[in-house]
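Colleague: Below you will find the structure I want to go over with you.
The values are calculated or read from the model by the stated rules, or taken from the named source; none is laboratory data. Note that the structure is a prediction, hence the values are computed from the model and not measured. Glycine gets a Cβ as well: all are built from the backbone with ideal geometry, and neighbour counts include every protein chain shown.
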Amino acid sequence: ATPVAILVGTGRGAQRGILITGPEAIESAGRIDTVVLDKTGTVTSGRMTVHDVVLGRGADRDEVLRIAAALESGSEHPIARAIVAAADDGAELPAVTGFRNHAGHGVTGTVDGRDAFAGGLKLAAARGARVPDDLAAVARDAVSTVVIVGWAAAAGMSPTARAAILVGDTVRDDSREAITGLRDLGLDVVLLTGDGEGVARAVADEVGIQTVIAGVSPEGKVDEIRRLQESGRRVAMVGDGVNDAAALATADLGIAMGGGTDAAMHASDITLVRDSLTAAGDAVRLSRRVLAIIR
Ligand code: ADP
Ligand code: MG
């Protein structure tokens with residue numbers, strides 16, 4: 001039978017907007033020593049806006065935004081929403097065939113019979129795209145998230161990068177406080193993101209995280225969790241995205257942000273209904289109390 005303390009703990013959690021799937025989740029939450037945080041939508045709000053469009057030679061801003069938005073309208077990613085909103089001037093977007101979402105990398109499809117993509121430098125390389133030096137430099141050095149947009153000059157040709165769209169969101173108001181709270185519980189905190197090193201460092205500095213792992217794919221996130229586990233750590237992962245689902249399932253404890261995707265919630269042991277990182281610390285504190293009572 002489930003000890004009463006666990007039932008009470010689960011009930012207390014629910015009252016505070018912490019949905020705990022079962023006794024094992026409380027066990028895990030009470031024992032973790034390391035918390036890995038996704039960046040976008042977890043430490044930051046995930047409500048992104050377009051800050052700037054850096055055009056390559058001969059590119060037209062409206063055309064860049066329209067093609068990017070056409071591709072991104074097939075994605076639910078916060079980056080995609082920002083680009084679709086920025087292009088929304090009432091005009092119809094070009095049709096996309098063969099749409100593909102590459103989780104943690106970007107989106108691809110065929111527009112007007114030509115290969116097109118919107119995503120990071122890795123996606124551009126994977127599409128065999130030529131990226132002019134000025135745009136590559138923007139992508140490397142930016143402290144905001146960069147989406148390279150490119151398309152082929154004609155059907156059957158490889159795409160060329162045409163512009164870099166700079167998007168960003170802001171750190172959640174209570175993230176710094178929440179992370180201080182996690183550290184006060186004796187937990188090591190790691191920032192793990194698919195975004196670039198520059199953006200990741202800037203966010204980490206703002207919230208007081210020292211350990212940053214940037215530029216990792218969704219599979220890379222799983223590898224990083226495993227690596228920490230193999231070094232003897234008991235790891236909680238907090239995330240919101242489709243790109244976090246596998247890592248959330250791999251971690252000893254998966255914690256989903258309530259404002260995130262269904263995929264993240266399904267893969268997790270705990271959901272933070274309040275959509276605030278401070279609830280992660282509350283979940284650990286509550287679970288430790290429950291375990292102390294049982295023992
Ligand atoms: P995070 O780990 O911070 O939540 P993601 O793994 O979702 O970030 O994305 C990592 C990177 O992949 C983004 O910074 C972006 O460069 C690229 N990316 C992901 N999805 C998209 C998309 N829909 N459009 C363009 N780029 C994308
Ligand atoms: Mg995310």
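Colleague: Kindly evaluate V216 against the criterion of being in a loop (DSSP other than H, G, I, E, B) and within 14 Å of ligand 2 (Cβ to nearest atom). Show your work before the answer.
Modeller: Values: in a loop (DSSP other than H, G, I, E, B): yes; within 14 Å of ligand 2 (Cβ to nearest atom): yes.
Taking the combined requirement at face value, the residue satisfies it.
Colleague: How many of the residues in the range 66-125 are in a strand (DSSP E or B), β-branched (V, I, T) and out of contact with any helix residue (DSSP H, G or I) (no Cβ under 9 Å at 6 or more places or on another chain)? Talk me through it step by step, then tell me what you get.
Modeller: Just the residues of the range 66-125 that are in a strand (DSSP E or B), to begin with: 96-102, 106-111, 114-119.
From what's left, β-branched (V, I, T): 96-97, 107-108, 110-111.
Still in the list and also out of contact with any helix residue (DSSP H, G or I) (no Cβ under 9 Å at 6 or more places or on another chain): 97, 110.
The number of residues fulfilling the criteria is 2.
Colleague: Also: Please go through the range 39-65 and give me each residue that is in a helix (DSSP H, G or I) and more than 12 Å from ligand 2 (Cβ to nearest atom), ordered by number. Quick ask: steps written out before the conclusion?
Modeller: Taking the range 39-65 first, the residues in a helix (DSSP H, G or I) are 39-43, 61-65.
Passing the criteria: R61, D62, E63, V64, L65.
Colleague: Within the range 215-236, is even one residue buried (at least 18 other Cβ atoms within 10 Å of the Cβ), within 11 Å of ligand 1 (Cβ to nearest atom) and closer than 20 Å to T170 by Cα?
Modeller: no
Colleague: While we're here: Mind checking which residues of the range 1-38 are free of Cβ contacts under 8 Å to residues at least 60 places away in the same chain, surrounded by fewer than 15 Cβ atoms within 10 Å (Cβ to Cβ) and part of a helix (DSSP H, G or I)?
Modeller: V4, L7, G11, A14, Q15
Colleague: Now for a separate question. Just to check your reading of the model, which residue among G281, G208, G181 is away from ligand 1 (no atom under 16 Å from the Cβ), surrounded by fewer than 16 Cβ atoms within 10 Å (Cβ to Cβ) and outside the structural domain of A139 (by TED's automatic domain parsing)? Reasoning before the result, please.
Modeller: Details: G281 fails: surrounded by fewer than 16 Cβ atoms within 10 Å (Cβ to Cβ); G181 fails: surrounded by fewer than 16 Cβ atoms within 10 Å (Cβ to Cβ).
None of the other options fit; the residue is G208.
Colleague: Taking the range 101-120, which residues are over 16 Å from the mean Cα position of the chain (by Cα) and either touching a residue at least 40 places away in the same chain (Cβ under 8 Å) or within 8 Å of ligand 1 (Cβ to nearest atom) (or both)?
Modeller: Going through the range 101-120, the residues over 16 Å from the mean Cα position of the chain (by Cα) turn out to be 108-118.
Within the range 101-120, V111, G113, R114, D115, A116, F117, A118 qualify.
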